[in-house]
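**Student:** Okay, handing you the structure first.
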Amino acid sequence: MKVKVIVILLMVILLLPSAAFASFDEYGYNAEANIFNGTLENWDNFIFGNPASPYDQNGTDVEFLVRKWSKGFDNAMFNGQPWVDGAWQQAHMYTYLSGEQLGWTHNTMFKMVYSSKPITGALEIPITENVSLWLIQYKEWFIDPIGNEIEITDSLNIKAIPPSLGDGKY
């Protein structure tokens, strides 16, 4: 029985992707896994080469950002390589509100993908003169103090289904 448990544990450890062991820097950036988990302010600090700002993970009125992107997106956006169909990024921003809205959380989520052809139902977002990303999903909502989700109905409501593209899941 003891041997079975050890074998199972070894299998679980060996099967975990190496990105699971990658570390985040003081900004919240994980270069190995193409993930950022921190504040919007620290994303800006990271991009512009400014020092990271300390923050309280449960602080109110702080815009938090969880951002993920594919290797193809990283290569094109940050390393000057050509765009490949299916390169993607997704982000979830949230803020714990204060004052009269104490206990509420404001959320925004979006997914974008690069496609050399238009995607029906998606919103084109030009990023350079010759390159556009396609906004394939966007949602904005509040979570009230007891956990109910309240969708903001006058915001964009995009749920386009892109064609099968080659850079991975989005």
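The values are calculated or read from the model by the stated rules, or taken from the named source; none is laboratory data. Model, not experiment: these values are computed from the prediction. Positions of Cβ are backbone-derived with ideal geometry, glycine not excepted, and every protein chain shown enters the neighbour counts.
**Student:** Quickly run through segment 71-84 and pick out the residues that are hydrophobic (A, V, I, L, M, F, W, C) and surrounded by 15 or more Cβ atoms within 10 Å (Cβ to Cβ).
**Tutor:** Phe73, Ala76, Met77, Trp83, Val84
**Student:** Report, ordered by the first and then the second residue, all pairs with beta carbons closer than 6 Å, sequence separation of six or more or different chains, a first member in segment 141-158 that is surrounded by 13 or more Cβ atoms within 10 Å (Cβ to Cβ), and a second member that is modelled with pLDDT under 95 and part of a loop (DSSP other than H, G, I, E, B).
**Tutor:** Sorted first by the residue in segment 141-158, then by its partner, the pairs are Trp141/Ile152.
**Student:** Shifting gears a bit: Restricting the search to segment 85-129, which residues are touching a helix residue (DSSP H, G or I) at 6+ places or on another chain (Cβ under 9 Å), surrounded by 18 or more Cβ atoms within 10 Å (Cβ to Cβ) and assigned to a loop (DSSP other than H, G, I, E, B)?
**Tutor:** Gly86, Ala87
**Student:** Might you let me know whether segment 63-73 holds any residue that is free of Cβ contacts under 8 Å to residues at least 40 places away in the same chain and small (Gly, Ala, Ser)?
**Tutor:** No: segment 63-73 contains no residue that is free of Cβ contacts under 8 Å to residues at least 40 places away in the same chain and small (Gly, Ala, Ser).
**Student:** Taking segment 55-70 as the search range and keeping residues that are touching a Gly at 6+ places or on another chain (Cβ under 8 Å) and within 15 Å of Asn30 (Cα to Cα), which one is surrounded by the most Cβ atoms within 10 Å (Cβ to Cβ)?
**Tutor:** Ser70
**Student:** Take the residues in segment 28-38 that are touching a strand residue (DSSP E or B) at 6+ places or on another chain (Cβ under 6 Å) and under 21 Å from Asn107 (Cα atoms); name whichever of them is surrounded by the fewest Cβ atoms within 10 Å (Cβ to Cβ).
**Tutor:** Here the answer is Ile35.
**Student:** Now for a separate question. Any idea how many residues of segment 42-80 are in a loop (DSSP other than H, G, I, E, B) and within 21 Å of Leu135 (Cα to Cα)?
**Tutor:** Residues that pass the stated criteria total 1.
**Student:** Can you tell me which residues in segment 111-170 are within 19 Å of the chain's Cα centre (by Cα), of a type in the set (Asp, Glu) and at pLDDT 90 or above?
**Tutor:** Scanning segment 111-170 gives Glu124, Glu140.
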